[in-house]
Amino acid sequence: MTLRLTPSPLVKTTTTFVGIALVCLVFSDVAITTVDPWQEFRLLLIGLATPDFYATDSIGQAIAYTLSFAFLGVTLANILGLFLALLFFSRIVRTFCAVVRAVHELFWALIFLQMFGLSPLTGVLAITIPYAGIIAKVYAEILEEANPAPLKTISVGTSRISAFIFVRLPDVWVHFRSYSMYRLECGIRSSAVLGFIGLPTLGFHLETAFKEGQYSEVAALLFIFYLVIATMRFWMKRPLLPIYLIGAAAILPWGLVFSFSNIVRFLTEDIIPYPIRNGLGFESFCNWVEFMVVDQVLPGTIATVQLTMIALVATGLLTLILFPLISPLLLGKGSRFLGHIFLVIARSTPEYILAFVLLQLWGPSMLPAIVALTLHNGAIIGHLIGRYTETIKLRQDAVRGLNRYAYEVLPRVYRPMLALLFYRWEVIMRETAILGILGITTLGFYVDSAFADLRFDRAIFLIAITALLNIAVDAISRSVRVRLRLQTSLVQQ
């Protein structure tokens, strides 16, 4: 009798995604094109060893603006997100949240830049709108997975509002608070990146210093950024939040004037496809759509999907390497401390900034984007899985060393790791699209070119395509997680 072993769904899924990533890698451009990348890297290392904290004018103001955009944007997003989470049972609300979170905050910033210019409103709204959609989704999932038993104890006739405030909210509050802190950390990263489109945050000074070759100034800016992120648990206290919000609203330069007529023109004329705006007829509109699809949508989508799949699988592989760095089951206290520092730096560095740095060192190709996406997301998931291992109890006689990792720990963390990986698939796709602004030919490259040429109708059309692509990936990811019965509770930590 022949025994036939059928691969498990986890093995089949893993094999399928690895195979797709390998095919994408074969056809990707990962060449290093700079003449002497090691010389430039050496200069960067010298700069990192000799940071100049006095090179940047108004560095305190840049930090204050970075934090202010994050505080105001994330606070408004939490308020809107909680309200939308309570209505998440509605298909219209779910669709709305899916659309707004599918568009990256930099794309939102480019849109608002045309209406409000470099005013604080541009930065605050660019963070608020996509984050509200993200928070609504996560809060709705927290409420869905909460213990329903307390609801059975309330008396008949209790209003939904009272039931939520006095029964549901206290039960999930700790998860809301924990996730809002994580979202604030993300907001600080997003706020810094907004400087690359001209807003006066740390990213503005970082881009200028790097393009001028002032690596000591670059190092100082990065160290300050890491310090702000690493010390959040000390200075971000709930009683201080009202003070921070008042200070944030007070220091931003709200006096900048924008034209209401420009806003109206942008919404009613500029974003309307050119053939429709000029009354050229249906045939001309079809030709316009055909040109956009063939010339920009198809190549941009192929590059975006290609880069996303490579980065997704590479993130999973890197996570397997990184989570032991902070796992008490695998390393001692001293080694875990060093591992924690490394993971904080890696996950605190926005993909956009890391890709920008690597592009200067290696030249324009997919390689800088792959490394940036992999390192950032691998560090985030590695940190969460490393913390998850703190809850695992092994037998007293469990093996040690590599065998403990392979046979005791890895089988217990593989499913949670896949859950987080598929959960961040949509995030990786969003970041992949936006990296096109740096010159990598994803959809963001064509969006940025359209804005630069003042072809706003093309830009909005392409942004809509990126949103549809992200919604499709989110749907596929959700389907895979359901089929494999992967729990996403770790995402809410």
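The values are calculated or read from the model by the stated rules, or taken from the named source; none is laboratory data. In this text the structure is predicted, and so the values were computed from the model without any measurement. Here the Cβ positions follow ideal geometry from the backbone for every residue, glycine too, while neighbour counts run over all protein chains shown. The area values use the complete protein model at the heavy-atom level, side chains included, leaving out ligands, DNA and RNA. Shrake-Rupley method; radii C 1.70, N 1.55, O 1.52, S 1.80 Å.
Pop a pseudo-label 7 angstrom from the Cα along the beta-carbon direction at both Trp235 and Ser479 and give the gap in nm to one decimal.
Distance between label points: 4.6 nm.
Report the local net charge at Ser284: Lys and Arg +1, Asp and Glu -1, summed over other residues whose C-beta lies under 14 Å from its C-beta. Write out the running numbers ahead of the final one.
Numbers: positive: Arg277; negative: Glu283, Glu290, Asp457.
Around Ser284, the charge tally is -2.
What does the helix-only formula give at 222 nm for the chain: each DSSP H stretch with n ≥ 4 adding -39500 (n - 2.57), the total divided by the residues, and the result rounded to the nearest 500 deg cm²/dmol?
Details: 23 runs with 338 residues, N = 493.
Helix-only estimate at 222 nm: -22500 deg cm²/dmol.
Run the numbers on the chain and let me know its relative contact order in percent, using alpha-carbon pairs under 8 Å that are six or more apart. Walk me through the intermediate numbers first.
Numbers: 626 pairs, mean separation 105.2, N = 493.
Here the relative contact order equals 21 percent.
Working from the alpha-carbon coordinates of segment 274-335, get Rg over Rh, Rh being the Kirkwood radius. If you can, show how the numbers build up before the last one.
Working: Rg = 24.0 Å, Rh = 15.8 Å.
So for segment 274-335, dividing Rg by the Kirkwood Rh gives 1.51.
Taking all protein chains together and a probe of 1.4 Å, list Asp457, Asp448 from the most accessible to the least accessible. Could the numbers behind the result be given before it?
Numbers: Asp457 15, Asp448 50 Å².
Ranked list, largest accessible area first: Asp448, Asp457.
Can you give the Kirkwood hydrodynamic radius for segment 254-367, in Å, rounded to one decimal and based on Cα pairs? It would help to have the intermediate numbers written out before the result.
Numbers: mean 1/r = 0.0511 Å⁻¹.
Roughly 19.6 Å, rounded to one decimal.
Take the Cα of Arg42, step 7 Å along the line toward its Cβ, and report every residue of segment 202-230 whose backbone nitrogen sits under 17 Å from that point.
Counting backbone N atoms under 17 Å from the label point, the list is 215-216.
Over all alpha-carbon pairs of segment 281-438, lay out the pair-distance distribution in 5 Å bins, whole %, shortest bin first.
2, 9, 16, 17, 15, 11, 9, 7, 5, 3, 2, 2, 1, 1, 0, 0
I want to check the label-to-label distance for Ala452 and Arg415. Put each point 7 Å from Cα in the C-beta direction and report it in nm to one decimal.
That separation, rounded to one decimal, is 4.9 nm.
Using DSSP to define loop residues, name the chymotrypsin sites (Phe, Trp or Tyr not before Pro) in segment 31-138 whose beta-carbon has at most 15 other beta-carbon atoms within 10 Å.
Within segment 31-138, the qualifying chymotrypsin sites (Phe, Trp or Tyr not before Pro) (loop, at most 15 other Cβ atoms within 10 Å) are Phe53, Tyr54, Phe89.
On the full set of protein chains, 1.4 Å probe, figure out the accessible area of Met309 and give it in Å² to the nearest 10.
The value for Met309 is about 10 Å².
For segment 1-124, what is one quarter of the convex hull surface built on the Cα atoms, given in nm²? Mind dumping the intermediate values first?
Details: hull surface 70.0 nm².
Projected area, direction-averaged: 17.5 nm².
I want to check the label-to-label distance for Asn278 and Glu212. Put each point 7 Å from Cα in the C-beta direction and report it in nm to one decimal.
Taking the two extended label points, one gets 4.2 nm.
Whenever you get a sec, line up Thr14, Thr308, Thr441 from highest to lowest accessible area (probe 1.4 Å, protein heavy atoms).
Values: Thr14 40, Thr308 0, Thr441 70 Å².
These residues rank, largest area first, as Thr441, Thr14, Thr308.
Going through the DSSP H helices of the chain, which span 30 Å or more along their own axis at the Cα atoms while scoring at least -1.0 as a mean Kyte-Doolittle hydropathy? Present the calculation step by step, with values, prior to reporting the outcome.
Working: long enough: 59-86 (41 Å, 1.79); 120-145 (37 Å, 1.04); 169-193 (35 Å, 0.05); 298-322 (35 Å, 1.86); 366-388 (32 Å, 1.11); 456-483 (40 Å, 1.08).
Membrane-span-like by this criterion, though nothing is claimed about a membrane: 59-86, 120-145, 169-193, 298-322, 366-388, 456-483.
Round to a whole angstrom and tell me the spacing of the C-alpha centers of segment 35-66 and segment 364-403.
About 29 Å separates the Cα centre of segment 35-66 from the one of segment 364-403.
So, counting K/R as plus one and D/E as minus one, what does the shell of residues with Cβ under 11 Å around Ala77 add up to? It would help to have the intermediate numbers written out before the result.
Details: positive: Arg101, Arg183; negative: Glu105.
Overall, the nearby charge balance is +1.
Below 8 Å, C-alpha to C-alpha, sequence gap of six or more: please give me the relative contact order for segment 327-435 in percent. If you can, show how the numbers build up before the last one.
Numbers: 75 pairs, mean separation 37.1, N = 109.
Normalised by residue count, the contact order of segment 327-435 is 34 percent.
So what's the Cα pair-distance distribution over the chain, bin width 20 Å, in %?
21, 56, 22, 2, 0
Using a Cα-Cα cut-off of under 14 Å, which aspartates and glutamates could be cross-linked to Lys211, ignoring same-chain neighbours fewer than 8 residues away?
Glu40
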